[in-house]
Amino acid sequence: MAENNILELNNVSFKYEKETVVKDVSMTIQEGQFFGLVGPNGSGKSTLIKLMLGLLKPTKGSIRLFGVPVRHFKHWEDIGFVSQKANSFNSGFPATVLEVVKTGLVSKTGLFRFYNKKDREKAMKALKTVEMEAYSDYNIGELSGGQQQRVFIARALVSEPEFLILDEPTVGVDAKHVADFYKLLRRLNREEGITLLMVSHDIGTITEHASHVVCMNKTIHFHGASHEYNAFSNDDLSQLYGHPVQQLTHNHGEAEYND
Amino acid sequence: MIESFLTYEFLQNAALAGIMIGFVAPLLGVFIVVRRLSLIADALSHITLTGIAASLLLEKRINAINEWNPVYMGMAFSVAGAVLIEKLRKVYKHYEELAIPIILSGGIGLGVILISLADGFNTDLFSYLFGSVTAVSRSNMLTVFIITILVAAIVLLFYKELFVLSFDEEHASVSGVNGKLIHLMFIVMVALVIASAMQIVGILLVSALMTLPVAAALRIAKSFKQTIGLSIFFGELSVIIGLITSYQLSVPPGGTIVVTAILILIMAITYRKVSTQFSLKGEAL
């Protein structure tokens with residue numbers, strides 16, 4: 001097994017009560033890759049993420065993070081997670097942007113220790129990375145959906161993770177900001193060297209930005225480099241989605257699929 | 001007023017216990033409110049009554065425990081109720097709030113049977129329901145002191161864990177925070193504070209001291225720390241003004257404390273309204 005494997009899944013299956021949600025999934029993510037995880041609604045993408053993070057236990061198979069079985073994994077500060085639910089928090093919560101970002105340091109700070117001035121600087125630096133440092137004293141509920149999303153990315157970045165997992169982060173963010181958002185992700189991947197895994201149901205856009213793609217519906221249908229994915233035909237996609245699908249590619253670089 | 005404060009030990013006990021409760025009840029109240037658990041305080045205060053009733057009955061039947069103070073039994077019931085709520089929340093995963101009415105009505109139902117068996121419908125009971133300035137003994141006051149120190153220390157030491165759990169439980173567990181343990185610790189603290197505060201504010205009104213100052217603070221505060229600071233300030237203000245008027249007018253302190261807290265809340269809501277209108281006008285200019 002290669003040393004620069006960030007994540008390895010080996011024949012992972014998961015059942016919710018009787019229903020199989022994830023079946024025999026094997027995949028590997030290596031350092032520096034930008035992985036897109038795509039599939040239709042209810043295809044088990046979010047469940048797979050929860051399995052990777054140890055929030056759920058697989059019914060079968062093994063999961064390793066940085067070479068360590070997930071149930072023994074301790075260095076959570078190396079992993080940043082931006083949840084799909086991050087945007088549905090209690091928007092009346094009385095916290096400032098800075099207070100929220102600092103919670104990203106909770107695993108690094110240890111029991112009985114308080115956040116200090118250095119932690120504040122780290123939080124400000126993370127806010128700067130996502131271009132939100134001017135909003136540090138704002139109440140989190142006052143910001144727009146796109147701004148909140150950036151704050152949650154800052155929270156994931158503040159512990160300086162090597163691996164960042166994003167679960168449908170562009171849901172509820174308007175189209176104009178989605179492009180900026182991908183620009184930010186590319187910068188994190190190329191300049192900061194952060195390995196990325198992003199869940200999306202927008203196949204076209206993600207394949208354009210990610211270096212690798214995993215396409216799943218309970219089980220994996222495609223796993224490989226994005227450019228190879230382009231050869232993955234419409235017939236395969238239709239099979240994946242269970243109904244006819246056409247992938248449209250436009251000159252301005254945006255791809256869509258429709259019924 | 002000051003003269004009687006210096007003369008009567010019971011007034012000193014009530015004032016000191018009141019000041020400690022005015023600090024610690026809103027402190028926990030902030031976490032209770034932001035986690036939308038306000039009703040848990042009600043459920044736990046009602047089961048405290050069951051404990052008090054059980055103690056009164058035992059006292060009547062067994063003379064040997066005459067020296068017991070019912071507050072301690074109330075405390076034990078409240079803590080047991082807190083643990084039971086946590087268990088029930090796991091049984092009804094999709095209806096977590098069901099645990100609250102189960103414990104609340106169960107507590108009152110059992111309580112009223114025990115009180116009747118003890119022939120306990122008297123003035124004593126009235127002071128448990130609405131609080132009293134004379135009920136706090138020196139040893140009770142010291143118990144409140146120990147609980148206050150303990151709770152303040154735990155909240156300080158686990159501040160960042162409590163905060164992250166309140167804001168985003170999923171993120172907390174991804175960060176390796178032991179949510180279950182901290183939540184259990186938290187709810188046991190709530191149970192202890194409710195049983196302590198009950199002596200001053202009364203069972204029926206104890207949850208108000210945990211929620212009303214926080215409700216007022218939420219209208220004004222920008223940050224979480226400010227919310228905590230303002231909640232404690234409003235809590236202390238309510239308790240101090242409430243205790244003084246209670247003594248002057250000879251009415252139960254529960255009533256005067258809660259009415260003061262309500263007045264503060266109204267002022268906070270008005271302040272917010274007026275200040276937003278001003279800032280809107282400012283922008284228009």
Taking only the stretch A:67-106 into account, find how many residues are farther than 22 Å from A:GLN148 by Cβ and not basic (Lys, Arg). 10
Let me spell it out: the conditions are (1) within 22 Å of B:ALA197 (Cβ to Cβ); (2) within 20 Å of the chain's Cα centre (by Cα); (3) at pLDDT 90 or above, and B:ILE102 meets all of them except one. Which number is the exception? (1)
Any residue at all in the stretch B:34-49 that's of a type in the set (Lys, Arg) and touching a residue at least 24 places away in the same chain (Cβ under 8 Å)? yes
Across (1) under 20 Å from B:MET185 (Cα atoms); (2) within 14 Å of chain A (Cβ to nearest Cβ); (3) not β-branched (Val, Ile, Thr), B:HIS94 clears everything bar (1)
First in the stretch A:107-121 and at the interface with another protein chain (Cβ under 10 Å from one of its Cβ atoms) and open to solvent by less than 100 Å² (accessible area, probe 1.4 Å), second anywhere and modelled with pLDDT under 85 and part of a loop (DSSP other than H, G, I, E, B), Cβ under 6 Å, 6 or more apart: A:SER107/B:SER175; A:SER107/B:GLY176
Does the stretch A:48-58 contain any residue that is under 20 Å from A:ILE203 (Cβ atoms) and open to solvent by less than 60 Å² (accessible area, probe 1.4 Å)? yes
Taking the condition assigned to a helix (DSSP H, G or I) and of a type in the set (S, T, N, Q), does B:SER78 pass? yes
Tally, over the stretch A:1-25, of residues that are part of a loop (DSSP other than H, G, I, E, B) and charged (D, E, K, R): 3
Given (1) open to solvent by 60 Å² or more (accessible area, probe 1.4 Å); (2) in contact (Cβ under 8 Å) with a residue 60 or more places away in the chain; (3) closer than 30 Å to B:VAL83 by Cα, index of the condition B:LEU218 fails: (1)
Identify the residue in the stretch B:179-189 that is open to solvent by 30 Å² or more (accessible area, probe 1.4 Å) and touching a helix residue (DSSP H, G or I) at 6+ places or on another chain (Cβ under 8 Å) and, among all such residues, is farthest from A:LEU56 (Cα to Cα). B:VAL188
Is it the case that some residue within the stretch B:107-120 is buried (at least 18 other Cβ atoms within 10 Å of the Cβ) and closer than 30 Å to A:PHE112 by Cβ? no
Hey, could you check the stretch A:173-213 for residues that are acidic (Asp, Glu) and more than 14 Å from the chain's Cα centre (by Cα) and say which is least open to solvent (accessible area, probe 1.4 Å)? A:ASP180
Exactly one of these conditions fails for B:SER166: (1) out of contact with any Lys or Arg (no Cβ under 7 Å at 6 or more places or on another chain); (2) open to solvent by less than 30 Å² (accessible area, probe 1.4 Å); (3) not hydrophobic (A, V, I, L, M, F, W, C). Give me its number. (1)
Can you confirm whether A:LYS102 is among the charged types (D, E, K, R), within 9 Å of chain B (Cβ to nearest Cβ), within 20 Å of the chain's Cα centre (by Cα) and open to solvent by 60 Å² or more (accessible area, probe 1.4 Å)? no
Does at least one position in the stretch A:86-105 carry a residue that is modelled with pLDDT under 90 and basic (Lys, Arg)? no
Restricting the stretch B:248-276 to residues that are open to solvent by less than 70 Å² (accessible area, probe 1.4 Å), touching a helix residue (DSSP H, G or I) at 6+ places or on another chain (Cβ under 7 Å) and among the hydroxyl-bearing types (Ser, Thr, Tyr), which is nearest to B:PHE23 (Cα to Cα)? B:THR260
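The values are calculated or read from the model by the stated rules, or taken from the named source; none is laboratory data. Please read all numbers here as calculations on a predicted model, not as lab measurements. Cβ atoms come from the backbone with ideal geometry, glycine included; neighbour counts cover every protein chain shown. Areas reflect the complete protein model, heavy atoms only, side chains present, ligands, DNA and RNA absent. Shrake-Rupley method; radii C 1.70, N 1.55, O 1.52, S 1.80 Å.
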